[in-house]
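The values are calculated or read from the model by the stated rules, or taken from the named source; none is laboratory data. Note that the coordinates shown come from a computational prediction; the quantities given were computed from them, not determined experimentally. All Cβ positions, even for glycine, are placed from backbone atoms using ideal geometry, and neighbour counts span all protein chains on display. Accessible surface is based on the protein model in full, side chains and every heavy atom, while ligands, DNA and RNA are left aside. Shrake-Rupley method; radii C 1.70, N 1.55, O 1.52, S 1.80 Å.
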Amino acid sequence: MNHSKSIQAFAKACQFIPGGVNSPARAFGGVGGQPIFIARGEGAYLVDVDGNRHLDYCGSWGPLILGHSHPRVVEAVNRAMANGASFGAPTELETQVAELITKLMPSIEMVRMVSSGTEAAMSAIRLARGYTGRDVIIKFAGCYHGHVDSLLVSAGSSATTLGVPTSPGVPKGCTQDTLVLRYNDVAGLQEAFKAKGDTIAAVILEPVVGNMGLVVPTKEFLAELRRLTQHHGALLIYDEVMTGFRLALGGAQQLQNVKPDLTVLGKIVGGGLPVGAYGGRADIMKKIMPAGPVFQAGTLSGNPLAMAAGLATLEELRDRPPYAHLEKLGAMLEAGLGVHQRVQRVGSMWTLFFNAEPVVDYDSAKKSDAAKFGRFFWAMMERGFYLPCSQFEAAFVMAVHTEEHIRQTIAAAREALAML
Ligand code: KE4
């Protein structure tokens, strides 16, 4: 596969952009080589600047559950653009998106739009502390909630891929109230609440983890988490930036039958445009300014173009739910790849692990052979399949993928694995 134009594009980008990319997750740091520059997306495919077509399993890291350039989304954004990009004043479109979110995720009684998952997580943490009057936040090693100072501790995703799970530049003061526990560790959770229960403002987690690679919570872990937070007056925050509207129309909380106090959203809720959101119980959300004293603001929060893309995406998912199709394709892929390698999957989120053991937390995830994943990544790339460029990420089946796509992927993976 010829990548000469991508190589030129990367060299030029590196003159003006740190590392040549606007997010380290795209830097191919976990797989070696240089990033491919994309010219356009077409349904299930990416077309790069050298004209190579790639069957896409990254989907912009999750937002594009409907596939690239979905007609309903393109039409909605064009219509919105014709009316003007942004007003710095409220529009009815924002209310439509907010109302639809509350219908699709009943635990969300009120919701505030922001412009990224990071901003949503940061705001939810501030709100939890403002509402409870407490400071301690519990997160889990390997989970990633965006580059929030207070949560950039033992963070997954590209922080792990590039070896900085706790970043320089984050002062101790920002993380002194962040307690990092082991995912799926019920005893650790019980000890933490026994020791600090009345100081804990909230627990935030990925209810199905994508950022260690795909890790599934045990039922006991989720049940004890809900029981302990309720008992100690701490808030349970579900970070559904990746799982929201992906694992079910109502997200992981619908699948797990858990009612979190706050939910953090991103990715799909923006349909590929910059949207984050946080929402939950009305009594908590009413603490957010101007209704309450907890400050949060944003020039482009609820931006009309982003709202149009998000609304079109959510309405399409409501009108023609793709979840049975996504489950069927995901199960096909798991069965086909699982013969050769460990595959961990929930619905359309999956990770092929180079790891002899089940991956249940950050320690077990880090035992994966990331170098071997890198060789697999490039072997699949050369065969026309674009995977997330890290062992510590989830891949995504899109609604526009077909059974034939899955068969082609399994055949290519068999070949690629045989030559590693
Ligand atoms: P953003 O700020 O990137 O919109 O969202 C942060 C975030 C929050 N919570 C979860 C569960 C997330 O997965 C993310 C972002 N995910 C990564 C990929 N795993 C985004 C890719 C990137 O950083 O470029």
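In the range 123-147, which residues are within 10 Å of the ligand (Cβ to nearest atom) and open to solvent by 20 Å² or more (accessible area, probe 1.4 Å)? Step through it out loud before you land on a result.
The initial filter retains those residues of the range 123-147 that are within 10 Å of the ligand (Cβ to nearest atom), namely 143-147.
144, 147 - these are the residues of the range 123-147 that are within 10 Å of the ligand (Cβ to nearest atom) and open to solvent by 20 Å² or more (accessible area, probe 1.4 Å).
Of everything in the range 372-409 that is open to solvent by 10 Å² or more (accessible area, probe 1.4 Å), under 20 Å from residue 67 (Cβ atoms) and part of a helix (DSSP H, G or I), the residue that is nearest to the ligand (Cβ to nearest atom) is 405.
Among the conditions (1) assigned to a strand (DSSP E or B); (2) in contact with a Pro (Cβ under 7 Å, 6 or more places away or on another chain), the only one that residue 184 does not satisfy is (1).
Pick from the range 52-77 the residues that are more than 16 Å from the ligand (Cβ to nearest atom) and open to solvent by 50 Å² or more (accessible area, probe 1.4 Å): which of them is farthest from residue 210 (Cα to Cα)? Across the range 52-77, the extreme among qualifying residues is 75.
Can you tell me which residue within the range 336-353, out of those that are free of Cβ contacts under 8 Å to residues at least 60 places away in the same chain and within 18 Å of residue 385 (Cα to Cα), is surrounded by the most Cβ atoms within 10 Å (Cβ to Cβ)?
Applying the first criterion (free of Cβ contacts under 8 Å to residues at least 60 places away in the same chain) to the range 336-353 yields 338-339, 342-343.
With the extra rule that they be within 18 Å of residue 385 (Cα to Cα), the set shrinks to 338, 343.
Values: 338: 16, 343: 20.
Among those that are free of Cβ contacts under 8 Å to residues at least 60 places away in the same chain and within 18 Å of residue 385 (Cα to Cα), it is 343.
Residue pairs, Cβ under 7 Å, 6 or more apart or interchain, first in the range 21-34 and open to solvent by less than 40 Å² (accessible area, probe 1.4 Å), second in a loop (DSSP other than H, G, I, E, B) and within 7 Å of the ligand (Cβ to nearest atom). List them. Filtered contacts from the range 21-34: 25/157.
Remark: residue 150 falls outside the filter, which requires a residue to be small (Gly, Ala, Ser) and within 13 Å of the ligand (Cβ to nearest atom). Tell me which residues, restricted to the range 172-186, are in contact with a helix residue (DSSP H, G or I) (Cβ under 8 Å, 6 or more places away or on another chain) and either within 16 Å of the ligand (Cβ to nearest atom) or not hydrophobic (A, V, I, L, M, F, W, C) (or both). Passing the criteria: 175, 177, 178, 182, 183, 184, 185. Of all residues in the range 187-219, none satisfies the criterion of being part of a helix (DSSP H, G or I) and surrounded by 24 or more Cβ atoms within 10 Å (Cβ to Cβ). What about residue 90, is it open to solvent by 20 Å² or more (accessible area, probe 1.4 Å) and within 20 Å of the chain's Cα centre (by Cα)? Taking the combined requirement at face value, the residue does not satisfy it.
Residues that are touching a strand residue (DSSP E or B) at 6+ places or on another chain (Cβ under 9 Å), open to solvent by less than 10 Å² (accessible area, probe 1.4 Å) and away from the ligand (no atom under 16 Å from the Cβ) within the range 229-260 comprise 229, 234, 235, listed in sequence order.
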